[in-house]
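Just so it is clear, none of the values below were taken in a lab; they were calculated from the coordinates. As the structure is a computational prediction, the values presented were derived from the model and not from experiment. For neighbour counting, all protein chains shown are included, and Cβ atoms are generated from backbone atoms with ideal geometry for every residue, glycine included.
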Amino acid sequence: MNAWTVCCESCDHRWNLVGTWSEYERQAIESRPCPRCGAYTLSSPEPTKATRHKPRPSWAKSYARPALQAG
Ligand SMILES: [Zn+2]
């Protein structure tokens with residue numbers, strides 16, 4: 001089960017939905033008017049996963065070395 005946020009860009013009204021996010025759900029939500037102001041400006045972007053680790057590129061190691069050399 002995921003939770004994602006629906007946000008109205010017109011009045012900044014937002015609320016959370018619980019379920020499985022999908023492109024179909026997104027379009028269904030965004031095709032409806034805002035329950036608060038009635039504008040068709042709802043957006044429900046795909047929830048981003050909080051724990052996403054990017055692998056370090058291999059070339060980053062060479063830059064981590066100290067540039068100055070004793071001697
Ligand atoms: Zn609104």
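I'm trying to understand the selection: among the residues of region 1-46, which are polar (S, T, N, Q), in a loop (DSSP other than H, G, I, E, B) and more than 11 Å from the ligand (Cβ to nearest atom)?
Going residue by residue through region 1-46, those that are polar (S, T, N, Q) are 2, 5, 10, 16, 20, 22, 27, 31, 41, 43-44.
Narrowing the set further to residues that are in a loop (DSSP other than H, G, I, E, B) leaves 10, 20, 22, 31, 41, 44.
Within region 1-46, Thr20, Ser22, Ser31, Ser44 qualify.
So, in region 1-52, exactly how many residues are of a type in the set (Val, Ile, Thr) and touching a residue at least 40 places away in the same chain (Cβ under 8 Å)?
In the first step, residues of region 1-52 are kept if they are of a type in the set (Val, Ile, Thr); the result is 5-6, 18, 20, 29, 41, 48, 51.
Checking the rest, the ones that are also touching a residue at least 40 places away in the same chain (Cβ under 8 Å) come to 5.
Residues flagged as of a type in the set (Val, Ile, Thr) and touching a residue at least 40 places away in the same chain (Cβ under 8 Å) within region 1-52 amount to 1.
Considering only region 14-48, state which residues are of a type outside the set (Val, Ile, Thr), more than 15 Å from Asn2 (Cα to Cα), in contact with an Asp or Glu (Cβ under 8 Å, 6 or more places away or on another chain) and surrounded by 14 or more Cβ atoms within 10 Å (Cβ to Cβ).
Scanning region 14-48 gives a single hit, Leu42.
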